[in-house]
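Notes to accompany the following structure.
The values are calculated or read from the model by the stated rules, or taken from the named source; none is laboratory data. Just so you know, these numbers come straight off a predicted model, no measurement behind them. Just the protein is used for accessible areas: all its heavy atoms, side chains included, with ligands, DNA and RNA removed. Shrake-Rupley method; radii C 1.70, N 1.55, O 1.52, S 1.80 Å.
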Amino acid sequence: MAISKQKEQDIILLRAEGYSLDKIKEKVKVSKPTILKIVKENESKISDLRNKIDKEFIQDYKALRIKRAKGIINALEKAYEAMDKTVYEELSKKELIYFISTMEGRLQNLRTSMKEDVVENY
């Protein structure tokens with residue numbers, strides 16, 4: 001039985017997105033042999049589409065990480081401005097230690113996440 005072009009495109013897209021044949025069968029309501037036939041006939045197209053999806057994912061991920069880093073930098077700048085206005089003599093040692101520890105922890109988390117980004121992208 002012939003299937004519609006739309007269902008065939010759905011199968012190709014779902015496979016490129018990494019769905020299993022069984023999941024595609026559930027979503028598109030087409031027999032597994034038909035799905036397998038379409039997948040085999042369109043291996044190159046699926047591979048190209050998968051590469052495009054992967055590239056878009058990486059670009060989105062990088063943009064998100066950059067946005068997050070800019071947000072952290074912005075927060076640090078505000079913290080430094082607040083530090084400049086702070087009269088440290090009025091703070092207890094416990095408050096100063098907590099403040100320093102918190103800032104160091106946030107910086108370490110930023111360094112770690114940025115190192116992970118570099119490793120993941122190579």
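Counting only DSSP H runs of at least 4 residues, each contributing -39500 (n - 2.57), and dividing by the residue count of the chain, the helix-based mean residue ellipticity at 222 nm comes to -28500 deg cm²/dmol. Look at the alpha carbon pairs under 8 Å that are at least 6 residues apart: their mean separation over the length of the chain gives a relative contact order of 20 percent.
Springs join every pair of Cα atoms under 10 Å in this Gaussian network model of the chain, and among 87, 30, 39 the largest mean-square fluctuation is at 87. Pairs of lysines in the stretch 21-67 whose Cα atoms sit within less than 22 Å of one another amount to 21, provided the residues are eight or more positions apart or on different chains.
Just checking my list (1) 0.97; (2) 1.24; (3) 1.34 against Rg/Rh (Cα atoms, Kirkwood Rh) computed from this structure; which label fits? Read-out from the structure maps to (3).
To the nearest 10 degrees, how steep is helix 93-120 against the longest Cα principal axis of the chain, on a 0 to 90 scale? Taking the Cα atoms of the chain, the angle to 93-120 is about 30 degrees.
Against the criterion of solvent-accessible heavy-atom surface with a 1.4 angstrom probe, 81, 89 sort, most first, into 89, 81. Computed from Cα atoms, the angle from the helix 43-85 axis to the main principal axis of the chain rounds to 10 degrees. Taking the chain as a Gaussian network of alpha-carbon nodes connected by springs under 10 Å, the highest mean-square fluctuation of the residues 77, 90, 41 belongs to 90. Among 85, 67, 25, the largest mean-square fluctuation in a Gaussian network model of the chain (Cα springs under 10 Å) belongs to 85. Heavy-atom accessible area with a 1.4 Å probe sorts 84, 10, largest first, into 84, 10.
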